[in-house]
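In what follows, a single structure is set out as structure tokens and then discussed.
The values are calculated or read from the model by the stated rules, or taken from the named source; none is laboratory data. Remember, it's a predicted structure, so these values are computed and weren't measured experimentally. Ideal geometry is used to build each Cβ from the backbone, glycine not excepted, and the neighbour counts take in all protein chains shown. Note: accessible area is taken over every heavy atom of the protein model, side chains too, but ligands, DNA and RNA are not part of it. Shrake-Rupley method; radii C 1.70, N 1.55, O 1.52, S 1.80 Å.
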Amino acid sequence: MNIYDISNQAGVSIATVSRVLNGSSKVSDATRRKVLDVIEKNGYTPNAFARSLCLNTMSTVGILCSDASDVYQAQAIYFLERELRSNSYTSMLCCTGYNLQEKKEYLKLLLSRNVDALFFIGSHFVEPTAKGNTYILNAAKKIPIFLLNGKLDGPNVYSILCDDESASKSITDLLFDRGSTAPIYLYRSLNYSGQRKIRGFCRSLKEHGKNGGDHLSFSCPGPVEKTCRILENIKNSGISFDAVAAADDELAAGAVKFALRSGLRIPEDFQIAGYNNSVLSTCSSPEITTLDNRVEFMCTTAVSQMMQVLDGKDVPSQMIYSGSIVEHETTGGI
């Protein structure tokens, strides 16, 4: 008697048997009783290691992030691990950095640990060339892959992402609605998400009769002090601007510091909008208007999809959801 036999006799999936053995609350009383009756009838007494061998799983998933100190990624890690625990799964976290070879090595490591699925946090993992993404697509031939706020087409690859282009456009529109006439945009990278945010910014400028959106977008690696200096350099170069739309809240905090140093009143003289709805937006004084890209929703949805995939159910390969503006003091909100 093994777990496959229990699954067949009880008429449930292997994943359901696993949940019962792990004491998960995600099983109905009737189904739990059915599985336990089969176990009792056959005198099956599994231990944790034997159960993992029968399932060919340790009920463990791999999480890859590029930088766990990043506020956005740290939030995602927390919500992912919380949801995984509630579904009786443990996780192994690897912080890969941004080098492609390092990403490949960490993925190889996680596959060697017999994980059941992989979660990639952020679009940094999606390379600009098809060849660069081969390592992910090859891994997807073995286990399901979940990309959080990244997009990659391929069998057994599932993308869950915020509509960053529409979100970025909406928050730039807000700057115009609150009286700005010359906003600029600050970003860290031109990954998939970063490109879509810039596209949204440019769309808003075009709709408001402004040209040259690409020339009003500036790379800014951060942190806050460096962002402040970059904005001072932009101002000294002769570019006139009265607002900043930023790709994340840390860049927006740098814009707040720039405005205060420059003697600009916020929001009367200068407006600022961030992105991610992180704790940085409310730690700032004044508090920063930001875009809530719903990290918790993204993570809970990703784990829910994983459980469905492991249960053999059909899951859409791509899910795009909307963000929402959280207005604070830097655009006149209360």
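Scan (1) in contact (Cβ under 8 Å) with a residue 40 or more places away in the chain; (2) closer than 30 Å to residue 7 by Cα for the single condition residue 313 breaks and write down its number.
So the condition that residue 313 fails would be (1).
Working only within region 316-331, note down all residues that are crowded, with 17+ Cβ neighbours inside 10 Å and in a loop (DSSP other than H, G, I, E, B).
At the first step, the residues of region 316-331 found to be crowded, with 17+ Cβ neighbours inside 10 Å are 323, 325-331.
Residues satisfying the conditions are 323, 327, 328.
Within region 234-256, track down each residue that is in a helix (DSSP H, G or I), within 16 Å of residue 331 (Cα to Cα) and more than 27 Å from the chain's Cα centre (by Cα).
Residues satisfying the conditions do not exist here.
Of the residues 217, 204, 240, which single one is open to solvent by 40 Å² or more (accessible area, probe 1.4 Å), polar (S, T, N, Q) and more than 19 Å from residue 284 (Cβ to Cβ)?
Values: 217 fails: open to solvent by 40 Å² or more (accessible area, probe 1.4 Å); 204 fails: open to solvent by 40 Å² or more (accessible area, probe 1.4 Å).
Matching residue, one of 217, 204, 240: 240.
In region 134-164, which residue that is closer than 30 Å to residue 245 by Cβ and hydrophobic (A, V, I, L, M, F, W, C) is surrounded by the fewest Cβ atoms within 10 Å (Cβ to Cβ)?
The extreme case among them is 161.
Filter region 106-118 for residues that are within 15 Å of residue 137 (Cα to Cα) and over 21 Å from the mean Cα position of the chain (by Cα); which is most open to solvent (accessible area, probe 1.4 Å)?
Filtering first and then ranking leaves 108.
Does residue 167 satisfy the condition of being within 30 Å of residue 232 (Cβ to Cβ) and either modelled with pLDDT of 95 or more or open to solvent by less than 10 Å² (accessible area, probe 1.4 Å) (or both)?
Working: within 30 Å of residue 232 (Cβ to Cβ): yes; either modelled with pLDDT of 95 or more or open to solvent by less than 10 Å² (accessible area, probe 1.4 Å) (or both): yes.
For residue 167, the condition - within 30 Å of residue 232 (Cβ to Cβ) and either modelled with pLDDT of 95 or more or open to solvent by less than 10 Å² (accessible area, probe 1.4 Å) (or both) - is met.
List pairs: first residue in region 13-38 and in a helix (DSSP H, G or I), second residue aromatic (Phe, Trp, Tyr) anywhere in the structure, Cβ distance under 7 angstrom, at least six positions apart or on different chains.
14/4
I'd like the residue in region 283-306 that is modelled with pLDDT under 95 and surrounded by fewer than 19 Cβ atoms within 10 Å (Cβ to Cβ) and, out of all such residues, is nearest to residue 70 (Cα to Cα). Walk me through how you get there before you give the answer.
Let us first name the residues in region 283-306 that are modelled with pLDDT under 95, namely 283-285.
So of that shortlist, the ones also surrounded by fewer than 19 Cβ atoms within 10 Å (Cβ to Cβ) come out as 283, 285.
Numbers: 283: 16, 285: 21 Å.
The residue in question is 283.
Residue by residue through region 155-178, note down the ones that are part of a loop (DSSP other than H, G, I, E, B), more than 19 Å from the chain's Cα centre (by Cα) and not charged (D, E, K, R). Let's see the steps before the verdict.
Just the residues of region 155-178 that are part of a loop (DSSP other than H, G, I, E, B), to begin with: 155-156, 163, 178.
Pick out the ones that are also more than 19 Å from the chain's Cα centre (by Cα) and you get 155, 178.
Answer for region 155-178, where residues must be part of a loop (DSSP other than H, G, I, E, B), more than 19 Å from the chain's Cα centre (by Cα) and not charged (D, E, K, R): just 155.
Being of a type in the set (A, V, I, L, M), in contact with a Gly (Cβ under 8 Å, 6 or more places away or on another chain) and in a helix (DSSP H, G or I) is true for just one of 280, 291. Which residue is that?
When all the criteria are applied, what remains is 280.
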